[in-house]
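The values are calculated or read from the model by the stated rules, or taken from the named source; none is laboratory data. The shown structure was predicted, so the numbers you read here are calculated from the model rather than taken from an experiment. Glycine gets a Cβ as well: all are built from the backbone with ideal geometry, and neighbour counts include every protein chain shown. Side chains are part of the model used for accessible areas, which takes the heavy atoms of the whole protein and leaves out ligands, DNA and RNA. Shrake-Rupley method; radii C 1.70, N 1.55, O 1.52, S 1.80 Å.
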Amino acid sequence: MIIFGSLIEHIRGTYALLIFIIQICFISELLTLIIFLSLYYFTFDTFYLERHVCGFDAMIGAFIVCITEISPNSIVIPNFPLLTFQYLPFTLVCSVSVLHLIGLIAITQQCLVCCGTWVGWAILRYFAPSLSNAAAKGNDSEEFELQYLFPPILRFPVRHIANITYAVFKNVGCCESSIHDEHPTGTKGGGAGSTNLLSESLNDLVLNLNAQQSVTEDMDDGSDGDTFANSVIHNKYENKDDVEAKKRQEAKQMIEKRLQQIQKEYNQRILTSGKTDATKNADDEPGHKR
């Protein structure tokens, strides 16, 4: 642990190493306790309740996974190329399982090492800051996928488990910046990757400019159509106003004619009434001869 811890501290930093150790110890202890409680529930054997759990036993598996992430293709034993750090986590899990079966280690250490190996891979894969991009989370390289940590004969069933795990962690907000999605071949940049990314960016820019131009033309056509529509509506309202003005003028003329008729009739009545009064007064005067 001292050797591996010094190497990881040199690569990731002291603070990142401290956070990583706390996460591994806590989560591995929690998973081991859940496993023991489940075994007690099904067997009612108090042996599982009497075990002492120490999370530091899980760090050996987590440190092995860290070395696998840093140098997956390096050879563990010189002159023995079959065993590389890519398969070292699987070898560790198998080794502790065999040692537990022959009675050299307890079930507590076996559970902690297995849990620490899986939790370490999950943290480095989905949560830990990326070594190549500080703004990204996790390691999306192809050689660090869960299926490639197993021998080829076991990769088919592990692939489905890894897909389910990836879907779960992505739904909770992990792997937001996916390098593997941007570069399906597993490259993290480089000349070809940068060229392809630049070409895609230029293509997107051209498409956006074309789209904006089309929108502008549509707006211009729409403006011409609006102008024509406004003119038609304006003429319609003008024609409507002319008709109403004519109606008002005719009504005014009719009213004036009617007023003139009323005035003439009134004058005629006044004249007739005056003549009648004059004749009546003449008849009433003394000495009027009949």
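Observations
- Filter result (among the aromatic types (F, W, Y) and either open to solvent by less than 50 Å² (accessible area, probe 1.4 Å) or under 36 Å from the mean Cα position of the chain (by Cα) (or both)) within region 76-86: F85
- Enumeration of residues in region 122-173 that are open to solvent by 60 Å² or more (accessible area, probe 1.4 Å) and charged (D, E, K, R): K137, E142, E143, R159, K170
- So L112, is it in contact (Cβ under 8 Å) with a residue 60 or more places away in the chain and touching an Asp or Glu at 6+ places or on another chain (Cβ under 7 Å): yes
- Members of region 23-58 found to be aliphatic (A, V, I, L, M) and either surrounded by 13 or more Cβ atoms within 10 Å (Cβ to Cβ) or on the phi > 0 side of the Ramachandran plot (or both), listed by number: I24, I27, L30, L31, L33, I35, L39, V53, A58
- In region 83-130, residue nearest to D57 (Cα to Cα) [restricted to those that are aromatic (F, W, Y) and out of contact with any Lys or Arg (no Cβ under 8 Å at 6 or more places or on another chain)]: W118
- Selected residue (criterion: farthest from L33 (Cα to Cα)) from residues of region 139-155 that are touching a Ser or Thr at 6+ places or on another chain (Cβ under 9 Å) and assigned to a loop (DSSP other than H, G, I, E, B): S141
- Inter-residue pairs, beta-carbon under 8 Å, first within 22 Å of I11 (Cβ to Cβ) and in contact (Cβ under 8 Å) with a residue 60 or more places away in the chain and in region 69-91, second in a loop (DSSP other than H, G, I, E, B) and among the charged types (D, E, K, R), 6+ apart: none
- If the condition is being in a helix (DSSP H, G or I) and among the hydrophobic types (A, V, I, L, M, F, W, C), then region 122-138 contributes A122, I123, L124, F127.
- Residue within region 68-75 that is open to solvent by less than 80 Å² (accessible area, probe 1.4 Å), touching a Ser or Thr at 6+ places or on another chain (Cβ under 9 Å) and of a type in the set (A, V, I, L, M) present: no
- Residue in region 90-105 that is under 23 Å from I27 (Cα atoms), surrounded by fewer than 20 Cβ atoms within 10 Å (Cβ to Cβ) and within 37 Å of the chain's Cα centre (by Cα) present: yes
- Members of region 28-53 that are acidic (D, E) and free of Cβ contacts under 8 Å to residues at least 12 places away in the same chain: D45, E50
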